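Here is the structure we will look at.
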Amino acid sequence: MQKKIPQRQCMGCRERKAKKEMIRVVRGTDGTVSLDFSGKLNGRGAYICPLADCLKRARKAKSLERSLEVPIPDEVYDRLEKEMEDGTNG
């Protein structure tokens, strides 16, 4: 029997994909927002596909802000853009 693959919904395109394929944005217990490439940081998480189009949609609709229940600093969006351009996760 195959092992179940955890699925998460992208905040940009709203598609469900494998958790490992996505970037996790996490609101820590202290209220700070950061990127979590390990998927193990404590706090509330939201996921986004590593595609610039998904990031643009999520930013325009403010879906990450609604999901994490805090304003997202521009530095987090800038770092997401940079990670997507570099194609590296971590």
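Which condition breaks for ARG44 when tested against (1) of a type outside the set (A, V, I, L, M); (2) in contact with a helix residue (DSSP H, G or I) (Cβ under 9 Å, 6 or more places away or on another chain); (3) under 10 Å from MET11 (Cα atoms)? All conditions are met except number (3). The residues of segment 15-41 that are loosely packed, with under 13 Cβ neighbours inside 10 Å and either within 20 Å of PRO71 (Cα to Cα) or in contact with a helix residue (DSSP H, G or I) (Cβ under 7 Å, 6 or more places away or on another chain) (or both), listed by number, are THR29, ASP30, GLY31, THR32. For ASP53, the criteria (1) exposed (fewer than 13 other Cβ atoms within 10 Å of the Cβ); (2) charged (D, E, K, R); (3) without any contact (Cβ under 8 Å) to a residue 40 or more places away in the chain hold in every case but one, which is (3).
Listed by first and then second residue, the pairs with beta-carbon distance under 6 Å, at least 6 apart or on different chains, first residue in segment 63-81 and in contact (Cβ under 8 Å) with a residue 40 or more places away in the chain, second among the basic types (Lys, Arg) and outside any helix (DSSP H, G or I), are LEU68/ARG27; LEU68/ARG44; VAL70/ARG27.
We did not get these values from a lab; they are worked out from the coordinates using the rules stated. Note that the coordinates shown come from a computational prediction; the quantities given were computed from them, not determined experimentally. Heads up, the Cβs are rebuilt from the backbone with ideal geometry, glycines too, and the neighbour counts pull from every protein chain shown.
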